[in-house]
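The values are calculated or read from the model by the stated rules, or taken from the named source; none is laboratory data. This structure is a prediction, so every number in the text was calculated from the model and none was measured. Neighbour counts are summed over all protein chains in view; Cβ atoms, including those assigned to glycine, are modelled from backbone coordinates with ideal geometry. Keep in mind that these areas ignore ligands, DNA and RNA; they rest on the heavy atoms of the full protein, side chains included. Shrake-Rupley method; radii C 1.70, N 1.55, O 1.52, S 1.80 Å.
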Amino acid sequence: MTAFMGSSIRDFAERLSDLSDSAAISDYLMSVIEPLGFGSFAYHLIQAPDIDQVAPRTATGISSYPEPWKAHYVSNGYVNHDPVVEKVFEEKTPFVWSRVIHPASLSRQQSRLLDDARGIGIMDGLTIPLLPRRGETASLSLVPNKLDPEALNDPGLHNHVHLLGEFLHSRAARIVVEEAATRNSRRRRSILSPREDEVLTWVARGKSTWDVSRLLGISEKAVDFHLDATKRKLQATNRTQAVVKAVVMGIITFG
């Protein structure tokens, strides 16, 4: 705790503001959490489909977990079964996994996930649900390295790490979304065409497909065409997610 308190939240926020990519953020965050007794972290933006959709959840973020574990997690679609993720949707305050996840209530897939995690040394952790800024669900999870159970449950530690997580989220969200959306692009600029930008901006303002078609003088079919292209480019499952991603990235603004 002393090491963390010596590096003030203001210093942490100022240093974060100078970092422009996820790798630099990861290195810096590790340098802050290691003195607190944590050995790894995962900062995630979690996207869930609308209630009437069957599409799986997706997650993107920054993590210092071992690369083989990250690949295993993704290939098995564990974000859709992770009991920690389930608790992120339910809880508003930091929680220790072992205190809120009860083995008897887990599904077979959830139990398998936790067994796999224990196999690489991820035994317990502290997760901080983060305040949504534009409708997103986000969290910061920390895996202890040198903390005993009593220290992991310390409310003072939870408060400090909660503040750290909120400042991290305010800086990292846009970077994470932008990197994910442009990972397969040769250029970062002009992700959306001018027409796609127009269509999505009107959708962000609450306009229907019919409204947008009248405002722009194009057919409803054309509006849907541009929205479909936008969703593909932003890797969104629906128009709401496309709007959230575009706003987080600073591609569109609306008032």
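General observations
- Residues that are in contact with a helix residue (DSSP H, G or I) (Cβ under 8 Å, 6 or more places away or on another chain) and within 21 Å of E179 (Cβ to Cβ) occur in the range 209-230; there is at least one.
- Selection count where residues are under 27 Å from E34 (Cα atoms) and either under 17 Å from the mean Cα position of the chain (by Cα) or open to solvent by 80 Å² or more (accessible area, probe 1.4 Å) (or both), scope the range 96-108: 1
Conditions tested, residue by residue: (1) open to solvent by 20 Å² or more (accessible area, probe 1.4 Å); (2) at pLDDT 95 or above; (3) not aliphatic (A, V, I, L, M).
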site: I9; (1), (2), (3): yes, no, no
site: I25; (1), (2), (3): no, yes, no
site: Y28; (1), (2), (3): yes, yes, yes
site: Q47; (1), (2), (3): yes, no, yes
site: Q53; (1), (2), (3): yes, no, yes
site: S111; (1), (2), (3): yes, yes, yes
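- Residue, least open to solvent (accessible area, probe 1.4 Å), within the range 131-177, restricted to residues that are β-branched (V, I, T) and in a strand (DSSP E or B): V143
- Restricting attention to the range 59-78 and to residues that are farther than 19 Å from L126 by Cβ and β-branched (V, I, T), the residue that is surrounded by the most Cβ atoms within 10 Å (Cβ to Cβ) turns out to be T60.
- Qualifying residue in the range 82-90 (condition: part of a loop (DSSP other than H, G, I, E, B), at pLDDT 90 or above and buried (at least 19 other Cβ atoms within 10 Å of the Cβ)): yes
- Within the range 207-255, the set of residues being open to solvent by 40 Å² or more (accessible area, probe 1.4 Å) and among the aliphatic types (A, V, I, L, M) comprises L215, I251.
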